[in-house]
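*Asks:* Below is a structure I'd like to ask you about.
Readers should treat all values here as calculations from the given coordinates under stated rules, not as data from a laboratory. It should be emphasised that the depicted structure is a prediction, and the values quoted were computed from it without experimental measurement. Please note: Cβ atoms are built from the backbone with ideal geometry, for glycine as well, and neighbour counts cover all protein chains shown.
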DNA sequence: TACGTGCAGGAAAACAGTTTCCGAAGGTGG
DNA sequence: CCACCTTCGGAAACTGTTTTCCTGCACGTA
């Protein structure tokens, strides 16, 4: 095994016949050096395969060019587009990211916070799975923290999250615009803020249009296909003339569509169905493919990372909650209604 | 903003009335110190909220306690259980993980490799999305690298991957044991090794049992529900008496199940269906819930990380491919066959 | 010839720890 | 009473890099 020691500035200096300080200057385009000297140093560095030790650099500069993402939701699918957005913003700056999964365990979170403290990360993104208020991350004062989806209980903290009310409005307007008027809503647990906000957005639009919810209530339940199937039965029982269902997730929507098919109801011919999440494999694999509200998690991640970078750069970022607008992914499940079924 | 400087050993030393060397010894249980002195230092450190700068520690020790995971498959779902396994193994050792997404771009990969080189990570896990042979990661000699799923073209490298042949065998045996004999196979693209191996496992068991593939061929196609739907039609057309379908993914299986239902064929009553991946929301949300082969990605991640830790610790790890056995997640789609349909 | 001036590059001090070596007490035995 | 050993803790070197200061040296001018 060629266990040769990795070369340092000293090795480069020796090979180029200069001092270490000169090597640093040459490699970083600093100071006053003859072009010939600079070239000689660069050549020596290349020949040795020299890579500056970033630990030493960070120790000296106080910047590590690392950011951590602390998440409770790795397993879940939400983390993926989010991370993509984060990397979009961070990658440009040569910032590396530590991924820390707390598995919803406060002890693990604390443990990670300590470690990150010691590693002197430049900033931290705390990503929750749900919209809720949480205690601020216990971390050394001075390290910028941005909260994502779940917000900090400290109003001075900056938080970026999805616009669920807006998503509900978007879905509602779209259904109305497609000529639907008897709209039902099947969604997740009432104890979570996300489904409540989506429902609020929907109801607001319905109110404005002088309409009311098909079935007379929001069907709160679970985030599962099975709940979608069961709730669809309930909804159709309560309001057989329903002509659209807004679902709180694509999974629920899949279940709803299945029940509708079992009942020989056509989608979108008889009933339009709209989902939430734009979880590609779920929504696109559905028959018919699902129109769905995309909460724009990638953008959420991008905004979070960008603002974090601002804070790291010392720009003042005022606290508060920044919401990223959702958008509508149009597919077939809300297509044109058949006039004569 | 309370921008107070973060405390260093020097601050702790001053407060405890000792020298910096003593602080280090006290905090790390090294050297010969009176218990009283040690306690005094520990108290001072706690009062100041002292956290040792791990950059300085690493610079000195040569170990960073960081590992990087370079992946082409973040967006995909495979990364999640894999990362879970990696963290299982790494977490115990206080090792932090850098997550690098190459997005399948060799330039990005190279760029990441350079950065990791400079960060002096202790080791690297290179995770591919598919079983294939790839060029070794271009990284400074000496840094241990473990390959996951995709293997290195250098036989001296260590690689851990899934057992797709074994998975196919598992599925086939299970179907046979449930009394099925006319088994079809619908799967992903033929150009990938994974689906070919799964098919090989299946065929091997069928051969041994003196059976042949329903429909006379493997139905290679795409990793989509839609392909599952279409291929199921083709299969039933070619072999109407098919009594089981082994699918190369849970998505395909969902499509197959849908076509079967459209055709009024009961699952598992008339036809058993078995998937691959054990992608929970897909498989469990299916009606009936899908029996499926779990490729054990979490275990793959664990093994990879554990061996990497071994390599970092200096233990010789011999190159070659280590495969992790798959297991069967039993749900309802392969339940007992109805004798009289 | 003496004296600024400016350029090129070296020496050394940071950064924040750990570790090795060494010396000063204090106690013990001859 | 003195030599010696142990115990405790300090001083300094070291990790690899950047940065500040400083010193030669060549050059131009008086």
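*Asks:* Return the single residue from A:185, A:112, A:237 with maximal mean-square fluctuation; model: Gaussian network over chain A, springs between Cα atoms under 10 Å.
*Replies:* A:237
*Asks:* Along the Cα-to-Cβ line of residue A:48, 7 Å from the Cα, sits a label point; which residues in segment B:55-69 have backbone N less than 19 Å from it?
*Replies:* Under 19 Å, as judged by backbone N against the label point of residue A:48, lie B:59-60, B:62 of segment B:55-69.
*Asks:* Set the Förster radius R0 to 22 Å, insert the Cβ-Cβ distance between residue A:60 and residue A:32 as r into 1/(1 + (r/R0)^6), and round the FRET efficiency to 0.05.
*Replies:* Values: r = 21 Å, r/R0 = 0.95.
It comes out at approximately 0.60.
*Asks:* Okay, moving on. How many partner chain Cβ atoms sit within 10 Å of a residue's Cβ in peptide A:50-58, on average, as a whole number?
*Replies:* Neighbouring Cβ atoms belonging to other protein chains average 6 per residue here.
*Asks:* Right, here's the next one. Relative to the compact-globule scaling 2.2 N^0.38 Å, provide the ratio for the alpha-carbon radius of gyration of segment B:5-132. Don't skip to the end; give the middle numbers.
*Replies:* Numbers: Rg = 20.1 Å, N = 128, 2.2 N^0.38 = 13.9 Å.
That ratio works out to 1.44.
*Asks:* Convex hull over the Cα atoms of the protein assembly as shown, averaged projected area in nm²?
*Replies:* The directionally averaged projection comes out at 36.5 nm².
*Asks:* Let me ask something additional. Once Rh is set to the Kirkwood radius over Cα pairs, what Stokes-Einstein translational diffusion coefficient, in µm²/s, holds for chain B at a temperature of 20 °C and a viscosity of 1.002 mPa s?
*Replies:* Details: Rh = 23.0 Å.
Estimated via Stokes-Einstein, D reaches 93 µm²/s.
*Asks:* Does anyone have the angle between helix A:164-177 and the longest principal axis of chain A? Alpha-carbon axes, 0 to 90°, nearest 10?
*Replies:* Between the helix axis and the principal axis of chain A, the angle is about 40 degrees.
*Asks:* Scale the Cα Rg of segment B:232-341 by the rule-of-thumb value 2.2 N^0.38 Å and send over the ratio, two decimals.
*Replies:* Details: Rg = 18.7 Å, N = 110, 2.2 N^0.38 = 13.1 Å.
Its radius of gyration relative to the 2.2 N^0.38 Å reference: 1.42.
*Asks:* In degrees from 0 to 90, rounded to the nearest 10, what is the angle of the helix B:79-91 Cα long axis to the longest principal axis of chain B?
*Replies:* 40
*Asks:* Pop the C-beta distance of residue A:154 and residue A:14 into the FRET formula with R0 = 45 Å and round what comes out to the nearest 0.05.
*Replies:* On the way: r = 53 Å, r/R0 = 1.17.
The pair residue A:154/residue A:14 has a calculated efficiency of 0.30.
*Asks:* Okay, next question. By average Cβ neighbour count within 10 Å, what is the ranking of B:13-20, A:114-121, A:167-174 from highest down? List each step's numbers first, then the result.
*Replies:* Details: B:13-20: 16.6, A:114-121: 20.2, A:167-174: 24.0.
The densest-packed peptide leads the list: A:167-174, A:114-121, B:13-20.
*Asks:* Starting from the Kirkwood radius over alpha-carbon pairs of segment B:9-52, derive D by Stokes-Einstein at 20 °C in a medium of 1.002 mPa s and give it in µm² s⁻¹.
*Replies:* Values: Rh = 9.8 Å.
The Stokes-Einstein estimate is 219 µm²/s.
*Asks:* Residues of A:283-296, mean number of Cβ from any other protein chain within 10 Å of their own Cβ, rounded to a whole number?
*Replies:* That works out to 2 on average.
*Asks:* Counting only C-alpha contacts under 8 Å and six or more residues apart, can you give the relative contact order of segment A:164-294 as a whole percent? If you can, show how the numbers build up before the last one.
*Replies:* Working: 260 pairs, mean separation 33.4, N = 131.
Taking the mean separation of contacting Cα pairs over the length of segment A:164-294, I get 26 percent.
*Asks:* Could you give me the percent of Cα pairs per 5 Å distance bin for segment B:68-207, shortest bin first, beginning at zero and ending with the bin that holds the maximum distance?
*Replies:* Spelled out bin by bin, segment B:68-207 gives 2, 9, 17, 18, 17, 12, 9, 7, 5, 3, 1, 0 percent.
*Asks:* Considering only DSSP beta bridges where both residues belong to the protein assembly as shown, give the percentage that are antiparallel (nearest 5). Mind dumping the intermediate values first?
*Replies:* Details: 7 of 83 bridges.
If we restrict to bridges inside the protein assembly as shown, about 10 percent are antiparallel.
*Asks:* Relative contact order of chain B, please, whole-number percent, based on alpha carbon pairs below 8 angstrom and at least 6 residues apart. Provide the component values of the computation, followed by the final result.
*Replies:* Working: 676 pairs, mean separation 58.2, N = 341.
17 percent.
*Asks:* Just check segment B:164-294 against the gyration tensor rule for me: Cα atoms, a ≥ b ≥ c as the square roots of the eigenvalues, rounded for a/c under 1.5, and otherwise prolate or oblate depending on whether a/b exceeds b/c. Show your work: numbers first, answer last.
*Replies:* On the way: a/c = 1.27, a/b = 1.11, b/c = 1.14.
Cα axes put segment B:164-294 in the rounded bin.
*Asks:* Divide by every residue of chain B the summed helix terms, -39500 (n - 2.57) for each DSSP H run of at least 4, and state the resulting mean residue ellipticity at 222 nm, rounded to the nearest 500 deg cm²/dmol. Can you show the working numbers first?
*Replies:* Values: 12 runs with 145 residues, N = 341.
Helices in chain B give a 222 nm mean residue ellipticity of -13000 deg cm²/dmol.
*Asks:* In what order do B:133, A:161 fall by count of nearby beta-carbon atoms within 10 Å, going from fewest to most? Don't skip to the answer; put the middle values down first.
*Replies:* Working: B:133 13, A:161 22.
So the ranking, lowest neighbour count to highest, is B:133, A:161.
*Asks:* Turning to a different aspect of this structure: Across peptide A:11-20, how many C-beta atoms of other chains are within 10 Å of each residue C-beta, on average? Before the final figure, lay out each step's value.
*Replies:* Details: counts 0, 0, 0, 0, 0, 0, 0, 0, 0, 0.
Mean partner shielding for this stretch: 0.
*Asks:* Could you pull the copy-to-copy label distances for residue A:92, with points set 7 Å along Cα to Cβ, in nm to one decimal and sorted shortest first?
*Replies:* Copy-to-copy label distances at residue A:92, shortest first: 4.3 nm.
*Asks:* Would you mind putting A:265-278, A:26-39, B:317-330 in packing order, based on average other-beta-carbon counts within 10 Å, highest first?
*Replies:* Numbers: A:265-278: 23.4, A:26-39: 12.4, B:317-330: 15.6.
Put in order of decreasing packing, that is A:265-278, B:317-330, A:26-39.
*Asks:* Taking just the C-alpha trace of segment A:62-123, give me its Rg and Dmax in Å.
*Replies:* Here Rg and the maximum Cα pair distance are 12.1, 35 Å.
*Asks:* Would you mind telling me the antiparallel percentage of the DSSP bridges in chain B, rounded to 5? Walk me through the intermediate numbers first.
*Replies:* Working: 3 of 41 bridges.
So the antiparallel bridges in chain B amount to around 5 percent.
*Asks:* Over segment A:1-143, what relative contact order in percent results from Cα pairs under 8 Å that are six or more residues apart? Please list the in-between numbers first.
*Replies:* On the way: 147 pairs, mean separation 32.4, N = 143.
Across segment A:1-143, relative contact order equals 23 percent.
*Asks:* How far is residue B:264 from the same spot in each other copy, in nm, shortest first, if each label point sits 7 Å from Cα toward Cβ?
*Replies:* 1.2
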